[in-house]
Amino acid sequence: MIDYRSFLNREVQEIKPSGIRRFFDIASEMDNVISLSIGEPDFSTPYHVRQEGIRTLEQGKTWYSPNRGFMELREEICRWMGRRYGVEYSPKDDVLVTVGGSEALDMCIRSLVSPGDEVLIPEPSFVCYVPLTQMARGVPVVIETKAEDHFRLTAQALREKITPKTKLLILPYPNNPTGAVMRREDLEAIAQVVEEKNLLVLSDEIYGELTYGHQRHVCFASLPGMRERTIVVNGFSKMFAMTGWRLGFAVGPRELIGPMTKLHQYAIMSAPTTAQYAATEALRNGDGDIEYMREQYDMRRRLIVDGLNRIGLPCFEPEGAFYVFPSLAKTGMDSETFCERLLQEERVAVVPGSAFGDCGEGFVRISYCYSIKHITEALRRMERFVNRL
Ligand code: PMP
């Protein structure tokens, strides 16, 4: 018998599998389940974008791209960063096209973090920041954000966690799972601390195009002095409903993008070619698609927020991404039990808040990137469930 564990890397043994998929996987083996558990647009990629992928395949354009990504795409990314967020980057040196935002996060953390470096991670937040930091043998330091602050990171909470070993702050806004958005003044206060304490920032802005109401996303790198301290990660999955194409990017100071590119060169070579052609078309002619999808999500958002507040699962109004994060306080249940019972008794799948960090306990994440019909039926079932408690 081979003792495989003795062969495995220590960090790989220690990291936990993601809690997001668990209920989705159970649900997919049951009948008549409504799943509001996955953060994936229910739209197909816009037709003209798919067409561009098909066209280049038909032309036989199936080769590797340059390591950093096609120049044309990098130029479009830089134009877009300038046009949408007012930050200037050079296509030659300041951009890396990656396999989803996911790869960009990994490349950034691995390029910056040495063993023992502390990485600040506001929670609740997306599940990969802690394990990626652990894989780099860094030390994840969680900053709890609170419902009463609308899950925004405050400068005071940030200050309290900084030590001489702190190197990097991850800024996960608009936030998955809470839907929280940082306003300009919140970010300015954070920027002041970043400057004073000489930190770098990894700003995960994958939901930057999905903000609602009067909120328009403020790119952290657009604040005075922050472009030089920030790697911005973004991608095509959410804004153009392109999850399966696996394409994202990082922009930042060339002194940091260069080393990330070196790693990417060895680990990945280059991002998918067909996806890069399609994404170039999306950035050139896709503003209307983003607008259309955002309006649709906004309708669903209002429906679900009203519904949840009405049935006794109160939630603050999320201003970004496509998630709501209601409190279970009135049910007296922990989030795992709530999700298990809701699935077994009413066949609705949502994700326990605890999957996004210990401070997510007492909440659940509900995705609303599903049809109005789907959401309405899920709300009806949840109401029946809550009334029975
Ligand atoms: N960041 C956040 C906050 C996310 O929610 C996700 C996907 N759910 C990603 C990054 C990665 O997305 P992708 O790799 O598809 O670009």
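The values are calculated or read from the model by the stated rules, or taken from the named source; none is laboratory data. Everything numeric in this text was worked out from a predicted model, so none of it was measured. So basically every Cβ, Gly included, is an ideal-geometry build from the backbone, and we count neighbours across all protein chains shown.
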Restricting to the stretch 152-169, give me the number of residues that are closer than 21 Å to residue 108 by Cβ, part of a helix (DSSP H, G or I) and not basic (Lys, Arg).
1
Do any residues in the stretch 83-101 that are closer than 22 Å to residue 272 by Cβ and at pLDDT below 95 have Cβ atoms under 7 Å from those of residues that are not in a loop (DSSP other than H, G, I, E, B) and not basic (Lys, Arg), where the two are at least six apart or on different chains, and which pairs are they?
none
Being modelled with pLDDT of 95 or more and farther than 19 Å from residue 256 by Cβ narrows 141, 113 down to just 141
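Yes or no, residue by residue, for (1) farther than 21 Å from residue 378 by Cα; (2) of a type in the set (Ser, Thr, Tyr):
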position	(1), (2)
280	yes, yes
289	yes, no
301	no, no
304	no, no
Looking for whichever is in a helix (DSSP H, G or I) and either out of contact with any Pro (no Cβ under 9 Å at 6 or more places or on another chain) or closer than 26 Å to residue 239 by Cβ (or both) here; the options are 2, 26, 38. Which one fits?
26
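A quick yes/no check of all residues on (1) buried (at least 19 other Cβ atoms within 10 Å of the Cβ); (2) among the hydroxyl-bearing types (Ser, Thr, Tyr); (3) more than 16 Å from the ligand (Cβ to nearest atom); (4) within 20 Å of the chain's Cα centre (by Cα):
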| position | (1), (2), (3), (4) |
| --- | --- |
| 104 | yes, no, no, yes |
| 109 | yes, no, no, yes |
| 114 | no, yes, yes, no |
| 153 | yes, no, no, yes |
| 167 | no, no, yes, no |
| 180 | yes, no, no, yes |
| 188 | no, no, yes, no |
Inspect the stretch 122-130 for any residue being more than 14 Å from the ligand (Cβ to nearest atom) and either over 12 Å from the mean Cα position of the chain (by Cα) or farther than 28 Å from residue 22 by Cα (or both) and give the result as yes or no.
no
Quick one: what pairs do we get from the stretch 214-241, first residue closer than 22 Å to residue 73 by Cα and of a type in the set (S, T, N, Q), second assigned to a helix (DSSP H, G or I) and within 11 Å of the ligand (Cβ to nearest atom), C-beta under 6 Å, 6+ apart or different chains?
237/243
Filter the stretch 80-102 for residues that are within 16 Å of the ligand (Cβ to nearest atom) and closer than 29 Å to residue 366 by Cα; the one that is surrounded by the fewest Cβ atoms within 10 Å (Cβ to Cβ) is 102
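What tally of residues in the stretch 56-67 results from selecting those that are out of contact with any His (no Cβ under 8 Å at 6 or more places or on another chain) and touching a residue at least 24 places away in the same chain (Cβ under 8 Å)?
8
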Residues within the stretch 333-363 that are more than 23 Å from residue 140 (Cβ to Cβ) and crowded, with 23+ Cβ neighbours inside 10 Å, tallied
5
From the residues in the stretch 137-151 that are free of Cβ contacts under 8 Å to residues at least 60 places away in the same chain and part of a strand (DSSP E or B), which one is surrounded by the most Cβ atoms within 10 Å (Cβ to Cβ)?
143
